[in-house]
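One structure is given below, encoded as C-alpha coordinates.
The values are calculated or read from the model by the stated rules, or taken from the named source; none is laboratory data. None of these values were measured; they are calculated from a predicted model. Glycine also receives a Cβ, built like all others from the backbone with ideal geometry; neighbour counts cover every protein chain displayed. Ligands, DNA and RNA are stripped out before the accessible areas are found, and what is left, the full protein with its side chains, is counted by its heavy atoms. Shrake-Rupley method; radii C 1.70, N 1.55, O 1.52, S 1.80 Å.
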Amino acid sequence: MLTPPTRYRSSAPRRGRRLPRALGGAVCLLALAGTALSTAPAPAADAALPPAPVSWHPDLSRTGGDDVNVRYDAGALRVRDGSLSPASLGRDRGYASAVLEAHHVGRPVNRVTVSLDATVPEAASVEVDVRGRAADGTWTEWRRAAAGTPARLPRDVVDVQARLTLWNATGAPTAAVRAVTLTADDTRSVPAEPAPGSAFSARVYATREGLVGHTTANGHVIRENDHFVALPSRRALSPAGSGQYSVQVCGPVRCETAPVWDVGPWNTHDDHWNPSDRREQWKDLPQGLPEAQAAYEDGYNGGRDEFGRQVANPAGIDLADGTFYNVGLDDNGWVTVTYLWTDVGGDTTSFRTWSTDVGVRQQATTTSTRVAGLPGPTTVRVRCQVHGQLVTHDGYSNDAWSYLPDYGGYVSNIFIDVADSWLPDVPAC
(Lines give C-alpha, C1' and ligand atoms only; values in the text may rest on other atoms or scores of the structure.)
Protein backbone atom coordinates (compact mmCIF):
# COMPACT_ATOMS: atom_id res chain seq x y z
CA MET A 1 0.00 0.00 0.00
CA LEU A 2 1.24 3.48 -0.80
CA THR A 3 2.02 5.93 1.94
CA PRO A 4 -0.07 9.11 2.11
CA PRO A 5 1.07 11.88 -0.23
CA THR A 6 3.36 14.62 1.05
CA ARG A 7 4.66 17.75 -0.55
CA TYR A 8 7.54 15.89 -2.08
CA ARG A 9 6.01 12.48 -2.58
CA SER A 10 6.96 10.92 -5.94
CA SER A 11 4.76 9.32 -8.57
CA ALA A 12 3.20 7.13 -5.94
CA PRO A 13 0.06 6.31 -7.98
CA ARG A 14 1.97 3.42 -9.54
CA ARG A 15 0.00 1.83 -12.34
CA GLY A 16 0.78 -1.76 -11.43
CA ARG A 17 4.02 -3.19 -10.16
CA ARG A 18 6.77 -4.29 -12.48
CA LEU A 19 6.04 -7.57 -14.18
CA PRO A 20 8.50 -10.05 -15.65
CA ARG A 21 9.18 -9.42 -19.30
CA ALA A 22 7.01 -11.57 -21.54
CA LEU A 23 8.62 -14.21 -23.69
CA GLY A 24 8.88 -12.98 -27.28
CA GLY A 25 6.22 -14.38 -29.59
CA ALA A 26 3.12 -16.37 -28.77
CA VAL A 27 4.77 -19.40 -30.34
CA CYS A 28 8.36 -19.82 -29.10
CA LEU A 29 10.69 -22.78 -29.22
CA LEU A 30 13.32 -22.78 -26.52
CA ALA A 31 16.10 -25.10 -27.58
CA LEU A 32 18.35 -25.84 -24.63
CA ALA A 33 20.93 -28.56 -24.85
CA GLY A 34 20.55 -31.13 -22.07
CA THR A 35 23.43 -32.22 -19.88
CA ALA A 36 24.73 -35.60 -20.97
CA LEU A 37 25.42 -38.19 -18.28
CA SER A 38 29.02 -39.28 -18.15
CA THR A 39 31.30 -41.28 -15.91
CA ALA A 40 34.30 -39.16 -16.91
CA PRO A 41 35.67 -36.71 -14.35
CA ALA A 42 34.14 -33.23 -14.48
CA PRO A 43 36.35 -30.72 -16.33
CA ALA A 44 38.09 -28.00 -14.40
CA ALA A 45 36.11 -24.78 -13.91
CA ASP A 46 38.41 -22.76 -16.18
CA ALA A 47 37.85 -25.31 -18.97
CA ALA A 48 34.04 -25.23 -18.75
CA LEU A 49 32.25 -24.98 -22.06
CA PRO A 50 29.98 -21.98 -22.68
CA PRO A 51 26.23 -22.55 -22.30
CA ALA A 52 24.48 -24.02 -25.31
CA PRO A 53 22.89 -21.60 -27.79
CA VAL A 54 19.23 -20.69 -27.34
CA SER A 55 16.87 -20.81 -30.35
CA TRP A 56 13.28 -19.65 -30.85
CA HIS A 57 10.74 -18.92 -33.59
CA PRO A 58 8.90 -15.54 -33.39
CA ASP A 59 5.22 -15.61 -34.29
CA LEU A 60 5.05 -13.82 -37.66
CA SER A 61 1.25 -13.70 -37.65
CA ARG A 62 1.16 -11.19 -34.77
CA THR A 63 1.54 -7.98 -36.77
CA GLY A 64 1.17 -4.82 -34.71
CA GLY A 65 1.56 -1.08 -34.35
CA ASP A 66 5.33 -1.07 -34.95
CA ASP A 67 4.92 -2.75 -38.35
CA VAL A 68 4.82 -0.84 -41.64
CA ASN A 69 2.98 -1.85 -44.82
CA VAL A 70 3.19 -5.54 -44.03
CA ARG A 71 0.49 -8.19 -44.37
CA TYR A 72 0.29 -11.79 -43.22
CA ASP A 73 -1.64 -14.22 -45.37
CA ALA A 74 -1.26 -17.77 -46.67
CA GLY A 75 1.18 -18.39 -43.83
CA ALA A 76 3.73 -15.70 -44.75
CA LEU A 77 4.66 -12.04 -44.30
CA ARG A 78 4.56 -9.95 -47.48
CA VAL A 79 4.64 -6.34 -48.72
CA ARG A 80 1.07 -5.00 -48.61
CA ASP A 81 1.36 -2.01 -51.01
CA GLY A 82 4.14 -2.18 -53.60
CA SER A 83 4.02 1.59 -54.20
CA LEU A 84 4.92 2.63 -50.64
CA SER A 85 8.53 3.62 -49.92
CA PRO A 86 10.16 5.54 -47.03
CA ALA A 87 9.51 9.24 -47.50
CA SER A 88 13.08 10.47 -47.20
CA LEU A 89 14.48 8.10 -49.84
CA GLY A 90 12.11 8.92 -52.67
CA ARG A 91 12.63 5.50 -54.26
CA ASP A 92 10.10 3.84 -56.54
CA ARG A 93 10.15 0.52 -54.72
CA GLY A 94 7.72 -1.25 -52.40
CA TYR A 95 8.76 -1.43 -48.77
CA ALA A 96 7.51 -3.17 -45.63
CA SER A 97 8.88 -3.61 -42.13
CA ALA A 98 7.91 -5.99 -39.33
CA VAL A 99 9.28 -5.45 -35.81
CA LEU A 100 9.00 -8.85 -34.13
CA GLU A 101 8.27 -9.31 -30.46
CA ALA A 102 11.28 -9.16 -28.12
CA HIS A 103 12.40 -12.47 -26.62
CA HIS A 104 13.81 -12.76 -23.09
CA VAL A 105 16.85 -15.04 -23.36
CA GLY A 106 17.41 -15.42 -19.62
CA ARG A 107 21.20 -15.09 -19.66
CA PRO A 108 23.71 -12.70 -21.24
CA VAL A 109 24.29 -13.19 -24.98
CA ASN A 110 26.05 -11.07 -27.60
CA ARG A 111 25.66 -12.86 -30.93
CA VAL A 112 22.54 -13.75 -32.94
CA THR A 113 22.24 -16.00 -35.98
CA VAL A 114 19.16 -15.80 -38.20
CA SER A 115 17.70 -18.45 -40.50
CA LEU A 116 14.81 -17.69 -42.89
CA ASP A 117 12.25 -19.89 -44.55
CA ALA A 118 11.33 -17.51 -47.37
CA THR A 119 10.69 -17.16 -51.08
CA VAL A 120 12.51 -14.11 -52.47
CA PRO A 121 11.87 -13.31 -56.18
CA GLU A 122 14.70 -11.79 -58.20
CA ALA A 123 13.26 -8.26 -57.98
CA ALA A 124 12.69 -8.53 -54.21
CA SER A 125 14.88 -8.67 -51.11
CA VAL A 126 14.65 -9.34 -47.39
CA GLU A 127 16.91 -7.82 -44.73
CA VAL A 128 17.02 -8.96 -41.10
CA ASP A 129 18.32 -6.70 -38.31
CA VAL A 130 18.59 -7.63 -34.65
CA ARG A 131 19.18 -5.65 -31.49
CA GLY A 132 19.47 -6.46 -27.81
CA ARG A 133 18.33 -4.97 -24.52
CA ALA A 134 20.89 -4.99 -21.72
CA ALA A 135 20.09 -5.75 -18.10
CA ASP A 136 19.91 -1.99 -17.42
CA GLY A 137 17.03 -1.64 -19.92
CA THR A 138 18.96 0.10 -22.73
CA TRP A 139 18.84 -1.10 -26.34
CA THR A 140 21.80 -1.57 -28.65
CA GLU A 141 21.65 -0.31 -32.20
CA TRP A 142 20.13 -2.60 -34.80
CA ARG A 143 22.73 -4.84 -36.46
CA ARG A 144 22.41 -6.65 -39.78
CA ALA A 145 22.22 -10.43 -39.65
CA ALA A 146 23.03 -11.65 -43.15
CA ALA A 147 22.66 -15.26 -44.26
CA GLY A 148 25.50 -17.25 -42.76
CA THR A 149 26.91 -14.24 -40.92
CA PRO A 150 25.85 -13.86 -37.27
CA ALA A 151 25.11 -10.38 -35.96
CA ARG A 152 27.62 -9.40 -33.29
CA LEU A 153 25.98 -7.11 -30.70
CA PRO A 154 28.19 -4.45 -29.09
CA ARG A 155 27.56 -5.63 -25.51
CA ASP A 156 25.92 -8.39 -23.52
CA VAL A 157 22.11 -8.37 -23.64
CA VAL A 158 19.31 -10.40 -22.04
CA ASP A 159 16.52 -9.62 -24.53
CA VAL A 160 16.74 -9.98 -28.32
CA GLN A 161 14.48 -8.47 -30.98
CA ALA A 162 14.47 -8.89 -34.76
CA ARG A 163 13.19 -6.65 -37.53
CA LEU A 164 12.38 -7.79 -41.07
CA THR A 165 12.60 -5.34 -43.97
CA LEU A 166 11.06 -6.41 -47.28
CA TRP A 167 11.58 -4.68 -50.65
CA ASN A 168 10.13 -5.35 -54.07
CA ALA A 169 10.06 -3.55 -57.40
CA THR A 170 6.79 -1.80 -58.16
CA GLY A 171 4.40 -4.31 -59.73
CA ALA A 172 6.74 -7.24 -59.11
CA PRO A 173 6.01 -10.19 -56.79
CA THR A 174 6.74 -9.61 -53.12
CA ALA A 175 9.01 -11.73 -50.96
CA ALA A 176 7.16 -14.17 -48.70
CA VAL A 177 8.68 -14.93 -45.29
CA ARG A 178 7.14 -18.04 -43.74
CA ALA A 179 9.35 -18.53 -40.68
CA VAL A 180 12.30 -17.02 -38.83
CA THR A 181 14.64 -18.91 -36.51
CA LEU A 182 16.80 -16.86 -34.14
CA THR A 183 19.70 -18.43 -32.26
CA ALA A 184 21.57 -16.49 -29.57
CA ASP A 185 24.83 -17.32 -27.86
CA ASP A 186 27.82 -15.57 -26.32
CA THR A 187 31.30 -15.27 -27.80
CA ARG A 188 33.57 -15.13 -24.81
CA SER A 189 36.66 -14.77 -26.97
CA VAL A 190 35.44 -11.49 -28.49
CA PRO A 191 35.46 -8.48 -26.14
CA ALA A 192 32.58 -6.05 -26.07
CA GLU A 193 32.97 -2.87 -28.08
CA PRO A 194 34.39 -0.09 -25.92
CA ALA A 195 31.73 2.34 -24.75
CA PRO A 196 32.29 6.05 -25.47
CA GLY A 197 32.63 8.41 -22.54
CA SER A 198 29.87 10.66 -23.89
CA ALA A 199 27.50 10.88 -26.82
CA PHE A 200 29.15 11.47 -30.20
CA SER A 201 28.58 14.80 -31.98
CA ALA A 202 29.33 15.93 -35.53
CA ARG A 203 28.64 18.92 -37.75
CA VAL A 204 26.61 17.76 -40.76
CA TYR A 205 24.58 19.29 -43.57
CA ALA A 206 20.82 19.25 -42.95
CA THR A 207 18.04 19.31 -45.52
CA ARG A 208 14.33 19.91 -44.97
CA GLU A 209 12.33 16.73 -45.44
CA GLY A 210 8.83 18.19 -45.93
CA LEU A 211 6.74 15.49 -47.67
CA VAL A 212 3.61 16.08 -45.58
CA GLY A 213 1.23 13.16 -46.00
CA HIS A 214 3.95 10.67 -46.91
CA THR A 215 4.95 7.76 -44.66
CA THR A 216 8.28 7.43 -42.88
CA ALA A 217 10.29 4.22 -42.56
CA ASN A 218 8.72 3.48 -39.15
CA GLY A 219 5.15 4.05 -40.36
CA HIS A 220 4.58 7.62 -39.18
CA VAL A 221 2.42 9.71 -41.51
CA ILE A 222 4.11 13.11 -41.79
CA ARG A 223 2.13 16.09 -40.52
CA GLU A 224 2.61 19.83 -40.88
CA ASN A 225 5.10 21.25 -38.38
CA ASP A 226 6.27 17.73 -37.49
CA HIS A 227 9.26 17.05 -35.23
CA PHE A 228 11.55 14.14 -36.14
CA VAL A 229 14.68 13.44 -38.20
CA ALA A 230 15.88 10.98 -40.83
CA LEU A 231 19.36 9.40 -40.72
CA PRO A 232 20.92 7.40 -43.58
CA SER A 233 21.03 4.07 -41.72
CA ARG A 234 18.42 1.71 -40.31
CA ARG A 235 20.69 0.98 -37.34
CA ALA A 236 19.16 3.87 -35.41
CA LEU A 237 15.53 3.79 -36.58
CA SER A 238 13.11 4.15 -33.64
CA PRO A 239 9.92 2.07 -33.61
CA ALA A 240 6.74 4.04 -34.28
CA GLY A 241 5.94 6.70 -31.70
CA SER A 242 9.09 6.13 -29.64
CA GLY A 243 12.27 8.10 -29.03
CA GLN A 244 14.49 5.09 -28.39
CA TYR A 245 17.00 6.58 -30.82
CA SER A 246 17.02 10.38 -30.67
CA VAL A 247 19.37 13.17 -31.67
CA GLN A 248 19.95 16.68 -30.43
CA VAL A 249 20.07 19.09 -33.38
CA CYS A 250 21.64 22.51 -32.76
CA GLY A 251 21.05 25.14 -35.44
CA PRO A 252 21.65 28.88 -35.69
CA VAL A 253 19.00 29.75 -33.06
CA ARG A 254 18.43 26.83 -30.70
CA CYS A 255 18.77 23.11 -30.09
CA GLU A 256 16.02 20.52 -30.25
CA THR A 257 15.89 16.83 -29.32
CA ALA A 258 14.00 14.80 -31.92
CA PRO A 259 13.44 11.08 -32.55
CA VAL A 260 14.82 9.21 -35.58
CA TRP A 261 11.72 8.15 -37.51
CA ASP A 262 12.91 7.91 -41.12
CA VAL A 263 15.83 6.56 -43.17
CA GLY A 264 17.80 8.80 -45.54
CA PRO A 265 18.84 11.06 -47.13
CA TRP A 266 20.66 9.31 -49.98
CA ASN A 267 21.81 6.14 -48.21
CA THR A 268 20.33 3.43 -45.98
CA HIS A 269 23.50 1.78 -44.57
CA ASP A 270 25.61 4.84 -43.71
CA ASP A 271 25.87 4.93 -39.91
CA HIS A 272 28.44 7.73 -40.07
CA TRP A 273 28.27 8.37 -36.29
CA ASN A 274 30.01 5.06 -35.57
CA PRO A 275 33.81 4.60 -35.59
CA SER A 276 35.15 3.67 -39.03
CA ASP A 277 35.75 0.01 -38.22
CA ARG A 278 32.16 -0.37 -36.97
CA ARG A 279 30.41 1.36 -39.86
CA GLU A 280 28.19 -0.93 -41.88
CA GLN A 281 29.48 0.52 -45.15
CA TRP A 282 32.13 3.04 -46.19
CA LYS A 283 34.63 1.87 -43.55
CA ASP A 284 37.40 3.96 -45.12
CA LEU A 285 35.60 7.20 -44.19
CA PRO A 286 36.30 8.88 -40.85
CA GLN A 287 33.72 8.86 -38.07
CA GLY A 288 31.23 11.71 -38.45
CA LEU A 289 31.63 12.13 -42.23
CA PRO A 290 28.48 11.08 -44.14
CA GLU A 291 29.08 9.25 -47.42
CA ALA A 292 26.91 11.78 -49.26
CA GLN A 293 29.15 14.61 -48.06
CA ALA A 294 32.30 12.80 -49.17
CA ALA A 295 30.69 12.01 -52.55
CA TYR A 296 29.53 15.60 -53.11
CA GLU A 297 32.68 17.38 -51.94
CA ASP A 298 35.45 14.94 -52.95
CA GLY A 299 33.94 12.65 -55.58
CA TYR A 300 34.01 9.66 -53.22
CA ASN A 301 32.40 6.54 -54.76
CA GLY A 302 32.33 8.36 -58.09
CA GLY A 303 30.15 11.05 -56.53
CA ARG A 304 27.28 8.57 -56.10
CA ASP A 305 25.27 7.11 -53.22
CA GLU A 306 24.81 3.40 -52.48
CA PHE A 307 22.11 3.16 -55.18
CA GLY A 308 24.29 4.74 -57.89
CA ARG A 309 22.47 8.08 -57.87
CA GLN A 310 24.52 11.24 -58.40
CA VAL A 311 24.65 13.02 -55.03
CA ALA A 312 23.26 16.56 -55.40
CA ASN A 313 24.01 17.84 -51.88
CA PRO A 314 26.15 16.77 -48.90
CA ALA A 315 23.21 15.99 -46.61
CA GLY A 316 23.77 13.66 -43.66
CA ILE A 317 20.42 14.32 -41.96
CA ASP A 318 16.87 15.28 -42.97
CA LEU A 319 14.78 17.42 -40.60
CA ALA A 320 10.99 17.43 -40.44
CA ASP A 321 9.50 20.89 -40.92
CA GLY A 322 8.88 21.64 -37.25
CA THR A 323 12.43 20.70 -36.25
CA PHE A 324 13.92 22.47 -39.29
CA TYR A 325 12.37 25.83 -38.50
CA ASN A 326 12.60 25.47 -34.71
CA VAL A 327 16.41 25.24 -34.74
CA GLY A 328 16.54 28.39 -36.86
CA LEU A 329 17.01 27.19 -40.44
CA ASP A 330 15.24 28.91 -43.33
CA ASP A 331 17.22 27.00 -45.96
CA ASN A 332 19.30 23.85 -46.00
CA GLY A 333 22.43 24.33 -43.91
CA TRP A 334 24.92 23.04 -41.37
CA VAL A 335 23.90 21.89 -37.90
CA THR A 336 25.58 20.14 -34.99
CA VAL A 337 24.05 16.74 -34.28
CA THR A 338 24.54 14.73 -31.08
CA TYR A 339 23.60 11.07 -31.41
CA LEU A 340 22.21 10.63 -27.92
CA TRP A 341 21.96 6.80 -27.81
CA THR A 342 25.75 6.53 -28.31
CA ASP A 343 26.21 7.65 -24.70
CA VAL A 344 26.25 4.25 -22.99
CA GLY A 345 28.66 5.10 -20.19
CA GLY A 346 28.29 3.71 -16.71
CA ASP A 347 27.23 6.95 -15.03
CA THR A 348 23.48 6.40 -15.40
CA THR A 349 20.79 4.39 -13.60
CA SER A 350 17.77 2.93 -15.37
CA PHE A 351 14.19 3.38 -14.16
CA ARG A 352 10.74 2.68 -15.57
CA THR A 353 8.30 5.51 -16.18
CA TRP A 354 4.53 5.27 -16.01
CA SER A 355 1.61 7.19 -17.59
CA THR A 356 1.24 8.27 -21.22
CA ASP A 357 2.50 11.29 -23.17
CA VAL A 358 5.02 12.26 -20.48
CA GLY A 359 6.91 15.38 -21.51
CA VAL A 360 10.70 15.67 -21.40
CA ARG A 361 11.63 19.33 -20.89
CA GLN A 362 14.73 21.34 -21.72
CA GLN A 363 14.84 22.59 -18.13
CA ALA A 364 13.31 21.37 -14.86
CA THR A 365 10.09 23.32 -15.43
CA THR A 366 6.82 22.62 -17.23
CA THR A 367 7.09 25.93 -19.10
CA SER A 368 10.44 25.19 -20.76
CA THR A 369 10.69 23.72 -24.25
CA ARG A 370 9.35 20.19 -24.63
CA VAL A 371 12.20 18.29 -26.27
CA ALA A 372 10.61 14.84 -26.38
CA GLY A 373 7.63 12.81 -25.24
CA LEU A 374 7.30 9.33 -23.76
CA PRO A 375 4.15 7.86 -25.33
CA GLY A 376 3.81 5.12 -22.70
CA PRO A 377 5.74 3.35 -19.93
CA THR A 378 9.39 3.48 -20.94
CA THR A 379 12.73 2.40 -19.49
CA VAL A 380 14.87 5.54 -19.24
CA ARG A 381 18.43 6.22 -18.16
CA VAL A 382 18.86 8.87 -15.47
CA ARG A 383 22.20 10.62 -15.06
CA CYS A 384 21.38 13.00 -12.22
CA GLN A 385 18.49 14.89 -10.56
CA VAL A 386 17.68 18.43 -9.44
CA HIS A 387 15.05 20.31 -7.49
CA GLY A 388 12.99 22.37 -9.93
CA GLN A 389 9.38 23.42 -10.40
CA LEU A 390 6.86 21.77 -8.09
CA VAL A 391 4.62 19.48 -10.12
CA THR A 392 1.25 18.18 -8.92
CA HIS A 393 -0.41 15.23 -10.64
CA ASP A 394 -3.17 12.90 -9.55
CA GLY A 395 -3.05 14.20 -5.98
CA TYR A 396 0.74 13.94 -5.55
CA SER A 397 3.38 16.66 -5.63
CA ASN A 398 7.12 16.62 -6.22
CA ASP A 399 9.75 19.20 -7.16
CA ALA A 400 12.43 16.66 -8.16
CA TRP A 401 13.35 16.26 -11.84
CA SER A 402 15.64 13.70 -13.47
CA TYR A 403 18.00 14.42 -16.36
CA LEU A 404 17.72 11.87 -19.21
CA PRO A 405 20.85 11.98 -21.42
CA ASP A 406 19.17 9.98 -24.18
CA TYR A 407 16.65 12.79 -24.64
CA GLY A 408 18.72 15.79 -23.63
CA GLY A 409 16.14 16.97 -21.09
CA TYR A 410 14.40 16.54 -17.74
CA VAL A 411 11.35 14.57 -16.63
CA SER A 412 9.44 15.11 -13.39
CA ASN A 413 10.14 12.36 -10.85
CA ILE A 414 6.39 12.05 -10.40
CA PHE A 415 6.40 9.96 -13.57
CA ILE A 416 9.22 7.63 -12.51
CA ASP A 417 7.85 4.44 -11.03
CA VAL A 418 9.54 4.38 -7.64
CA ALA A 419 8.15 5.10 -4.20
CA ASP A 420 10.70 7.80 -3.31
CA SER A 421 10.54 11.44 -4.29
CA TRP A 422 14.31 11.67 -4.63
CA LEU A 423 15.61 8.71 -6.64
CA PRO A 424 17.88 6.34 -4.72
CA ASP A 425 21.54 6.14 -5.74
CA VAL A 426 21.24 8.98 -8.27
CA PRO A 427 23.47 12.04 -7.70
CA ALA A 428 22.40 15.67 -7.84
CA CYS A 429 23.18 17.47 -11.07
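Quick rundown of the values:
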item: Farthest toward positive dipole pole in the stretch 186-310 [+1 Lys/Arg, -1 Asp/Glu at C-beta], among 302, 207, 251; result: 251
item: Mean shadow area of the stretch 205-312 over all directions, Cα convex hull, nm²; result: 7.1
item: The stretch 229-246 - phi-based ³J(HN,Hα) in whole Hz, Karplus 6.51/-1.76/1.60, Gly and Pro as x; result: 9, 10, 10, x, 7, 7, 5, 10, 8, 6, x, 3, x, 10, x, 4, 10, 10
item: Solvent exposure of the stretch 190-344 as accessible area per residue, Å², 1.4 Å probe; result: 37
item: Residues whose placed amide H lies under 5 Å from that of residue 315, excluding near-sequence neighbours; result: none
item: Furthest towards positive pole of dipole, 313, 261, 230, structure part the stretch 210-353, Cβ charges; result: 261
item: Per-residue SASA entry for residue 422, accessible area with 1.4 Å probe, Å² rounded to 10; result: 90
item: Backbone HN-Hα couplings from phi across the stretch 105-119 [Karplus 6.51/-1.76/1.60, Hz, Gly and Pro as x]; result: 7, x, 7, x, 9, 8, 9, 10, 10, 10, 10, 10, 10, 8, 10
item: ³J(HN,Hα), Karplus 6.51/-1.76/1.60, whole Hz, each residue of the stretch 82-87, x for Gly, Pro; result: x, 9, 8, 9, x, 4
item: Interchain or long-range residues, amide H under 5 Å from residue 243's placed H; result: none
item: Sum of side-chain charges, residue 291 neighbourhood, beta-carbon under 13 Å (Lys, Arg +1; Asp, Glu -1); result: -4
item: Carbon and sulfur %, accessible surface of the stretch 59-169 computed with the full protein complex present, 1.4 Å; result: 44
item: Solvent exposure ordering (accessible area, 1.4 Å, most first) of 89, 116; result: 116, 89
item: Directionally averaged projected area (convex hull, Cα atoms, the stretch 69-136), nm²; result: 6.8
